[in-house]
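Heads up: the structure comes next, in structure tokens.
The values are calculated or read from the model by the stated rules, or taken from the named source; none is laboratory data. All of these numbers come straight from a predicted model, not from anything done at the bench. So basically every Cβ, Gly included, is an ideal-geometry build from the backbone, and we count neighbours across all protein chains shown. Heavy atoms of the whole protein, side chains included, go into the accessibility calculation; ligands, DNA and RNA do not. Shrake-Rupley method; radii C 1.70, N 1.55, O 1.52, S 1.80 Å.
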Amino acid sequence: MPAARISGVGMYVPPKVVRNDDLRAFYDTSDEWIYTRSGIKERRWAEEPASTAELGYYAAQEALQAAGKKAVDLDLIIFATLSPDLYFPGSGVLLQQKLGLETTPALDIRQQCSGFVYGLSIADQFIRTGMYRTILLVGAEVQSTWIDYAPEGRTVGVLFGDGAGAVVIEATEALGRGIRSSHLYSQGAYAMELCIAEPSSATRRHILPGSYGMRPYMNGKEVFRHAVQRMGEAIQVALSTQNWHPNEVDLYVLHQANIRIVQAVAEFFGLPMDKFFNNIHKYGNTTAASIPICLYEAQAEGRLKAGDKVILAAFGSGFTWGSVALIW
Ligand code: ACO
């Protein structure tokens with residue numbers, strides 16, 4: 001049975017940097033509040049007419065080049081996003097068309113911050129069964145367009161950024177490389193604790209044209225508590241399945257929602273923070289893009305080498321969460 005290995009990584013973030021102090025144009029906030037509570041210093045915002053599929057396209061091109069592949073080599077595109085270009089169809093088909101492909105299947109997944117981990121697991125299944133050999137997985141978001149710029153939107157608005165990450169996943173017969181296990185979970189009982197409930201198919205008909213906007217809602221404390229516990233559990237399952245000691249793992253890459261969540265997970269396992277790759281200070285929470293952007297930068301900084309033991313973990317809206325254990 002072939003294993004699934006990440007053979008190329010790409011990323012793209014829009015050039016416009018928005019520093020914490022810049023947000024004071026909309027919100028009663030401060031660099032000190034944002035940085036001490038989340039670890040974020042700045043984020044990127046896409047400028048018109050950028051779309052999620054477009055950001056994903058730039059990241060995908062780089063990932064394909066890194067893997068030494070062309071778009072025509074792809075058997076499947078998986079597109080993870082909570083901010084699709086359109087209500088429907090998904091951004092995957094828009095990316096497929098941008099890549100110049102004619103009939104390559106494109107699958108959108110809606111797992112929010114866990115989208116990349118879910119996407120890796122899906123790719124792994126297709127490769128293990130032998131159905132596909134080369135898959136593109138993109139995590140991309142344009143979130144600056146759903147942020148609530150009204151004063152009461154500040155708690156959520158300061159946390160999110162735009163960006164894209166992409167990986168090419170290939171079948172390999174080389175023993176000891178690639179995805180070793182993936183572990184996925186969700187709990188819809190908490191769906192409304194972190195959501196954008198409007199506009200929706202359920203509510204839109206009641207709202208007058210022009211009168212609605214996006215109203216993201218997050219129960220920050222509840223999300224924080226669950227994120228620490230659930231990512232901790234998902235990492236523990238990955239460690240036990242692989243029979244790895246926490247210290248034996250070369251690099252942990254956790255979804256970048258809040259540096260304090262990563263610190264709490266590190267503390268739970270008694271691990272130093274240098275075992276974790278973080279870049280939230282530069283990009284904020286880029287949702288489905290955060291883990292592949294981390295992978296790209298970790299590799300560029302020499303922190304991911306062939307044969308390294310790696311654990312990825314994510315938690316987000318849904319609630320959804322999960323982990324992946326892999327050998328780089
Ligand atoms: N600037 C200044 N003050 C603010 C801001 C802001 N941007 N936002 C809120 N405040 C105020 C609040 O109104 C509150 O004031 P009060 O005490 O007078 O009522 C005070 O700051 C404290 O707010 P808390 O909510 O208690 O702050 P907390 O320490 O919980 O931090 C935070 C908030 C950063 C949101 C945290 O709860 C968190 O990180 N939660 C998890 C986020 C997360 O993991 N998201 C994950 C996934 S995202 C996805 O899946 C799409």
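Side notes on the structure shown:
- Failed criterion for L295 (all others in (1) open to solvent by 10 Å² or more (accessible area, probe 1.4 Å); (2) more than 16 Å from the ligand (Cβ to nearest atom); (3) closer than 21 Å to L55 by Cβ hold): (1)
- Single condition Y252 does not satisfy, out of (1) within 14 Å of the ligand (Cβ to nearest atom); (2) touching a residue at least 24 places away in the same chain (Cβ under 8 Å): (1)
- Any hit, the range 187-206, residues being of a type outside the set (S, T, Y), within 30 Å of G8 (Cα to Cα) and open to solvent by 30 Å² or more (accessible area, probe 1.4 Å): no
- Tally, over the range 98-129, of residues that are assigned to a loop (DSSP other than H, G, I, E, B) and open to solvent by 50 Å² or more (accessible area, probe 1.4 Å): 6
- Residues in the range 148-172 that are aliphatic (A, V, I, L, M), outside any loop (DSSP other than H, G, I, E, B), within 16 Å of the ligand (Cβ to nearest atom) and open to solvent by less than 10 Å² (accessible area, probe 1.4 Å): A164 only.
- Criterion violated by N285 - all others in (1) crowded, with 16+ Cβ neighbours inside 10 Å; (2) touching a Pro at 6+ places or on another chain (Cβ under 9 Å) satisfied: (2)
- Of everything in the range 29-44 that is buried (at least 16 other Cβ atoms within 10 Å of the Cβ) and either acidic (D, E) or away from the ligand (no atom under 16 Å from the Cβ) (or both), the residue that is nearest to S83 (Cα to Cα) is R44.
- P49 falls short of the stated requirement of being surrounded by fewer than 20 Cβ atoms within 10 Å (Cβ to Cβ), in contact with a strand residue (DSSP E or B) (Cβ under 9 Å, 6 or more places away or on another chain) and part of a loop (DSSP other than H, G, I, E, B).
- Helices (runs of 4 or more DSSP H) completely within the range 199-298 that count 2 or more residues being hydrophobic (A, V, I, L, M, F, W, C): 220-242, 259-269
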